[in-house]
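Input: a single structure, listed below in structure tokens.
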Amino acid sequence: MTAEQFKTEMMQAFPTMRGLALRMLRNPDDASDALQEVAATLWMHADILDEVENRRSYFLTSVRNFCTSRLRAARTELDIDEARTIGNPDENQEKFETDNSLEQMLDKLPPLQRQVIIMSVCRQLDNKTIAETLGISNDNVRQSLSRARRTLRQLYTNLK
């Protein structure tokens, strides 16, 4: 797919994509950011688009999946913040310490493993989507997840 073809098809689908992103995210700035990220990801994988019959539908599905992931990630962050402020102060302190420990353990992972585990666990993306987003193979995603989990298990065992 040439750059001109991509631009033409993207511009034709853009109003519908923007409307979908606005309905899902309910914030014009977030919707614009989502569209920008989706467009960049689609352009990075433009060679795949040659095989897609209905590109408009593919674009819309990409926007929907991205917005869903963004909403899930935001909901997870809210749940963690709410858990810190609700309930027994001792439980909140334990939760806060656990969250900090987890963040410290994640920081010890190599960047690719950290990114893959966060996309898999927090955003609940499947391996294929992670591979497409990061531009790596499915096997590389699987291997990175395995290594990240093993490293986190070891770090957690050493904590106790």
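Structure data summary
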item: Net charge over other residues, Cβ less than 12 angstrom from the Cβ of residue 143 (K, R count +1; D, E count -1); result: +3
item: Whole-number D in µm²/s for the stretch 106-149 (Stokes-Einstein; Kirkwood sum over Cα pairs; 20 °C, 1.002 mPa s); result: 215 µm²/s
item: Residue 33 paired with residue 146, simple spin-label distance in nm, labels 7 Å along Cα-to-beta-carbon; result: 3.5 nm
item: Dipole of the stretch 105-160, positive end: most advanced residue of 136, 158, 109 [Cβ charges, Cα centre]; result: 158
item: Net charge over other residues, Cβ less than 10 angstrom from the Cβ of residue 10 (K, R count +1; D, E count -1); result: +2
item: Two-decimal ratio, the stretch 6-81, of alpha-carbon radius of gyration to 2.2 N^0.38 Å; result: 1.15
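Where a number appears in this text, it was derived from the coordinates with a stated rule and is not lab data. What you see is a predicted model, and the numbers here were worked out from it, not measured in a lab. We place every Cβ from the backbone using ideal geometry, glycine too, and count neighbours over all the protein chains shown.
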